[in-house]
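Chemist: Take this structure first; my questions come after.
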Amino acid sequence: MISVEGLKVEFGTKPLFQDASFVVNDRDRIALVGKNGAGKSTLLKILCGQQRPTAGTVAVPTDTTIGYLPQVMKLQDNTTVREETQKAFANIADLKARVDRLERQMSERTDYESDDYMQLVERYTTEHERYLMMGAENREAELERTLVGLGFLRTDFERPTSEFSGGWRMRIELAKILLEKPDVLLLDEPTNHLDIESIQWLEQFLATSASAVVLVSHDRAFINNVTNRTLEISCGRIVDYRVKYDEFVTLRKERREQQLRAYENQQKEIADMKAFIERFRYKATKAVQVQQKVKQLEKIVPIEVDQVDNSALHLKFPPCLRSGDYPVICDEVRKAYNHVVFDHVNLTIKRGEKVAFVGKNGEGKSTLVKCIMGEIPFDGSLKVGHNVQIGYFAQNQAQLLDESLTVFQTIDNVAKGDIRLRINDILGAFMFGGEESDKKVKVLSGGERSRLAMIRLLLEPVNLLILDEPTNHLDMQSKDVLKEAIRAFDGTAIIVSHDREFLDGLVTKVYEFGGGRVREYLGGIYDFLRSKAPQAAPVGATIDAFLTGTLKPAPKTKEAPSGAVGGASSYAEHKEQQKRIARAEKAVKASEQKIEQMEARLKELDELLMVPENASDMTLVTEYTDTKCALDEEMERWGQLSEELEMLK
């Protein structure tokens, strides 16, 4: 679908990458990875035609459509959510107008045997077929399903977009791109503004989409669940690994070990040549051999080794005072503005616990954090325990840094003891290695400032960590360093995050915010997600319904009942697991066979409708429409079945 040949991009003297060649095929799911600044976003802009390369070609067929979601975009302020999202169907509206116009022309003509009339029929057939294939008849239902999947309430549809934050407005843009159904989706950090439920919905959408996908993301769970191929930008080259991200990590480690061995052998060879040249430089009898060695030395192309892997770097918070047994106790806490954010919040966080705050954006996670910090008033009782020293990280922390200092000075001022000897290693682990450490804070981007604020927090003696979306501007390597530091932290931690992989193995309790309530779930993040799944239907119910022929498209998930839920309860429905998996696999296979049969019939109908005399055969047109609708429903059922099979496994 997209062919890239000999691509080269230069900014300044050193190219970002060169000699890049690869092909994006139909239904490819590609993760584009590399350290920050390697050129991932630049490559996406080149693929969608927004930027031109220094050299090389990007070939895109004329009938191939591309949808591109950048990290930052300008958004409209003068429409409602529904009106803005409906812009995705602008091309469908134009196509419908053309179909209607051609239909009127056909009804007004009587020269049925003329060549001109046959050409008119052919144009009508082609345009009508395109209209049906784009699923135009179901567009309002698709619009609502997509907006709800991305976290909007139906009551939000008629609200002006100007009332929403930047993150919610980015969701509107994502919805528009998904509804346009382009042949290729280019997504740059699509999960940055999504909560866990919306991320899971997007995963399922992309898994069943007919579009090819190229995405940049630092959410490891997301790219593992979506992609089947990995393109890495490293050392100015693009390397193609036709495996999922986790498998890529293993292969990349092996490749780097090979590079290191080759580099060491080359360095030994260079040293031997230089030693020979120095030893015999002034001996006339060796002049010819010396000149040969000099020429060989000049021709050697230095072997580059992928960026140094600092994931093994161990950071530890400095020692601090022991806090009381219960750092945070909430008793009937309530917070309301024009509406109630949350009410009847009762929770107790014990010393040493690592807990997660999760839920949709706007449900009160950051608000409760601000209540704990004492930044805003509230109703009820909220006690912060004895000797509690809070280390707080939020997005605005980056704005409080001293702009006159360099990156190194900022960290050197807070580092104590032996840790000062490792400042350069720490900065390197968070992408401030080499000359980057000499930059002034005032020239750093928002993401760079956030990373610097995070490093400062890692070096402060605190016993209660409160981290609000700490991973938004970190790459996977930096997230691993941070996760290990928090896991080894002796104190208490409250983490507001939608990054499942980051929370996995880190937290032992989850507090879910939603509907004005805060619910407690014992166990890790995946225990929480499994315990949420039975609310829609018991495990296996979807499979049973399919095998008995009663499965319908999934209803909207109802809100969870209030009260604490034990993590162990998530396994209550997993009896006779192997039998359930076998039945699930059978149901998925049967659904796939139905899809294949309907796709084959649609292809036959396509060929029949291309014949001029069949163009106005309403029996064929009706069958085509019915089959297309049935295929859409079956694809949705297949998505439900596949999701349940994945959960069972």
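Chemist: Return only the number of the condition from (1) surrounded by fewer than 22 Cβ atoms within 10 Å (Cβ to Cβ); (2) at pLDDT 90 or above; (3) in contact with a helix residue (DSSP H, G or I) (Cβ under 8 Å, 6 or more places away or on another chain) that residue 485 does not satisfy.
Modeler: Condition not satisfied by residue 485: (2).
Chemist: Here's a check for you: in the range 135-155, which residue that is among the aliphatic types (A, V, I, L, M) and exposed (fewer than 14 other Cβ atoms within 10 Å of the Cβ) is modelled with the highest pLDDT?
Modeler: In this case the residue turns out to be 153.
Chemist: Would you pick out the residues in the range 512-522 that are within 16 Å of residue 498 (Cα to Cα) and among the small types (Gly, Ala, Ser)?
Modeler: If the condition is that a residue be within 16 Å of residue 498 (Cα to Cα) and among the small types (Gly, Ala, Ser), then 514 is the only one that fits.
Chemist: In addition: Please determine, by comparing only the residues of the range 383-409 that are crowded, with 18+ Cβ neighbours inside 10 Å and part of a helix (DSSP H, G or I), which one is modelled with the lowest pLDDT.
Modeler: Here the answer is 398.
Chemist: Go through the range 206-221 and give me each residue that's hydrophobic (A, V, I, L, M, F, W, C), out of contact with any helix residue (DSSP H, G or I) (no Cβ under 6 Å at 6 or more places or on another chain) and buried (at least 19 other Cβ atoms within 10 Å of the Cβ).
Modeler: Once the filter is applied, which keeps residues that are hydrophobic (A, V, I, L, M, F, W, C), out of contact with any helix residue (DSSP H, G or I) (no Cβ under 6 Å at 6 or more places or on another chain) and buried (at least 19 other Cβ atoms within 10 Å of the Cβ), the range 206-221 yields 212, 214, 215.
Chemist: Would you mention how many residues in the range 156-182 are more than 19 Å from the chain's Cα centre (by Cα) and buried (at least 16 other Cβ atoms within 10 Å of the Cβ)?
Modeler: 5
Chemist: Follow-up question, since we're still on this one. I need the strands (runs of 3 or more DSSP E) fully contained in the range 1-118, keeping only those with at least 3 residues that are open to solvent by 50 Å² or more (accessible area, probe 1.4 Å), without any contact (Cβ under 8 Å) to a residue 40 or more places away in the chain and of a type in the set (Ser, Thr, Tyr).
Modeler: Correct list: empty, since no element meets the threshold.
Chemist: A further question follows. Anything in the range 234-247 that is part of a helix (DSSP H, G or I) and either surrounded by fewer than 20 Cβ atoms within 10 Å (Cβ to Cβ) or without any contact (Cβ under 8 Å) to a residue 40 or more places away in the chain (or both)? List them, or say none.
Modeler: Listed by number, the residues that qualify are 246, 247.
Chemist: What are the residues in the range 459-485 that are more than 23 Å from residue 364 (Cα to Cα) and more than 26 Å from the chain's Cα centre (by Cα), if any?
Modeler: 459, 460, 461, 462, 463
Chemist: Hey, can you tell me all the residues within the range 285-340 that are under 36 Å from the mean Cα position of the chain (by Cα), at pLDDT 85 or above and within 27 Å of residue 414 (Cα to Cα)?
Modeler: Passing the criteria: 327, 328.
Chemist: Still on this model: Being under 15 Å from residue 453 (Cα atoms), free of Cβ contacts under 8 Å to residues at least 60 places away in the same chain and part of a helix (DSSP H, G or I) is the filter here; which residues of the range 410-433 pass it?
Modeler: Those that are under 15 Å from residue 453 (Cα atoms), free of Cβ contacts under 8 Å to residues at least 60 places away in the same chain and part of a helix (DSSP H, G or I): 410, 411, 412, 423, 427.
Chemist: Restricting attention to the range 364-375, does a residue exist that is assigned to a helix (DSSP H, G or I), acidic (Asp, Glu) and exposed (fewer than 14 other Cβ atoms within 10 Å of the Cβ)?
Modeler: no
Chemist: Could you count how many residues in the range 313-352 are over 30 Å from residue 425 (Cβ atoms) and outside any strand (DSSP E or B)?
Modeler: Count: 9.
Chemist: Across the range 608-618, what is the number of residues that are open to solvent by 40 Å² or more (accessible area, probe 1.4 Å) and either closer than 18 Å to residue 99 by Cβ or at pLDDT 75 or above (or both)?
Modeler: 6
Chemist: Return the pair list, or none, for Cβ contacts closer than 7 Å from residues in the range 490-508 that are on the phi > 0 side of the Ramachandran plot to residues that are surrounded by fewer than 24 Cβ atoms within 10 Å (Cβ to Cβ) and not in a strand (DSSP E or B), at least 6 apart or on different chains.
Modeler: 505/524
Listed here are the residues, each with its yes/no results for (1) open to solvent by 30 Å² or more (accessible area, probe 1.4 Å); (2) assigned to a strand (DSSP E or B); (3) modelled with pLDDT under 70; (4) among the β-branched types (Val, Ile, Thr).
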residue: 519; (1), (2), (3), (4): no, yes, no, no
residue: 526; (1), (2), (3), (4): yes, no, no, no
residue: 530; (1), (2), (3), (4): yes, no, no, no
residue: 537; (1), (2), (3), (4): yes, no, yes, no
residue: 544; (1), (2), (3), (4): yes, no, yes, no
residue: 552; (1), (2), (3), (4): yes, no, yes, no
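Chemist: Do we find a residue being closer than 21 Å to residue 473 by Cβ, of a type in the set (A, V, I, L, M) and in contact with a helix residue (DSSP H, G or I) (Cβ under 6 Å, 6 or more places away or on another chain) anywhere in the range 47-70?
Modeler: Yes, the range 47-70 contains at least one residue that is closer than 21 Å to residue 473 by Cβ, of a type in the set (A, V, I, L, M) and in contact with a helix residue (DSSP H, G or I) (Cβ under 6 Å, 6 or more places away or on another chain).
Chemist: Still on this model: Scan 580, 637 and give me the residue that is open to solvent by 30 Å² or more (accessible area, probe 1.4 Å) and either among the small types (Gly, Ala, Ser) or at pLDDT 80 or above (or both).
Modeler: Unique residue meeting the criteria: 637.
Chemist: Can you pull out every residue in the range 437-462 that is open to solvent by less than 60 Å² (accessible area, probe 1.4 Å), charged (D, E, K, R) and either more than 16 Å from residue 400 (Cβ to Cβ) or touching a residue at least 40 places away in the same chain (Cβ under 8 Å) (or both)?
Modeler: The answer is 449, 460.
Chemist: Just checking, does the range 54-73 include any residue being modelled with pLDDT under 85 and more than 30 Å from residue 18 (Cα to Cα)?
Modeler: Scanning the range 54-73, I find no residue that is modelled with pLDDT under 85 and more than 30 Å from residue 18 (Cα to Cα), so the answer is no.
Chemist: Quick one: which of 187, 231, 215, 194 is touching a Pro at 6+ places or on another chain (Cβ under 7 Å) and either assigned to a strand (DSSP E or B) or more than 23 Å from residue 632 (Cα to Cα) (or both)?
Modeler: When all the criteria are applied, what remains is 215.
The values are calculated or read from the model by the stated rules, or taken from the named source; none is laboratory data. Predicted model only: the values in this text are computed from it and were never measured. Heads up, the Cβs are rebuilt from the backbone with ideal geometry, glycines too, and the neighbour counts pull from every protein chain shown. All accessible areas refer to the heavy atoms of the entire protein, side chains included, with ligands and DNA or RNA removed. Shrake-Rupley method; radii C 1.70, N 1.55, O 1.52, S 1.80 Å.
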